[in-house]
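One structure is given below, encoded as structure tokens.
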Amino acid sequence: LLVGTAGCASDRLDTLGPGVPHGVPAPGAVAVNGIMNEWTVQVDLASVRRGPVTFTITNTGSVLHEFLVVRTDVPVGALALVGDHFDEEGSLVNVVKEIPDVAAKATGTATVTLEPGRYQLVCNQPGHYALGMYTGFTVTS
């Protein structure tokens, strides 16, 4: 007689907490899951290899947010602000993808092909970047 137990080991999909949807990536893409809330952006991977990436982002907060994938060499959290947000058309940033207007408790998904470089994943709603809604993200070759 063999008796065994099976358990569910913790993995990267558990890092964001229970109840956070995990996206199904587009064919050939890497899945990156994340949450936004007052006043953070968190994702389950800090780095991926170049190529297609599907971001599935849930707004666990209580106000409207947006999710931008920004390629820039500016240090994380140091984008220059124009009033209460950064200039999305500025010379030091390249907004490569956006999930606009993610309502409270809603989830948005976007797939984008990323080239090697440094990125920031941010919310650029008025005042949100200044309050800490950003995280660094790296794409390697």
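Before moving on, here are some points about what is shown:
- Label positions at R118 and T138, each projected 7 Å from the Cα along the C-beta direction, are separated by 1.0 nm.
- Placing +1 on the Cβ of every Lys and Arg and -1 on the Cβ of every Asp and Glu, with nothing else charged, gives the stretch 15-141 a dipole about its Cα centre of roughly 460 debye.
- Solvent exposure of D73, expressed as accessible area, is near 120 Å², computed with a probe of 1.4 Å over the protein chains only.
- Order by protection proxy (mean Cβ within 10 Å, highest first), peptides 124-135, 91-102: 124-135, 91-102
- Computed on the stretch 58-141, with alpha-carbon pairs under 8 angstrom and 6+ residues apart, the relative contact order is 40 percent.
- Annotation: amide H-H contacts under 5 Å for V53 (H modelled 1.01 Å from N, sequence separation of 5 or more, or interchain): V30, V112, T113, L114.
The values are calculated or read from the model by the stated rules, or taken from the named source; none is laboratory data. Just so it is clear, the structure is predicted and the values come from calculations on it, not from any experiment. No Cβ is skipped: glycine too gets one built from the backbone with ideal geometry, and neighbour counts run over all protein chains shown. Side chains included, ligands, DNA and RNA excluded: accessible areas come from the protein's heavy atoms. Shrake-Rupley method; radii C 1.70, N 1.55, O 1.52, S 1.80 Å.
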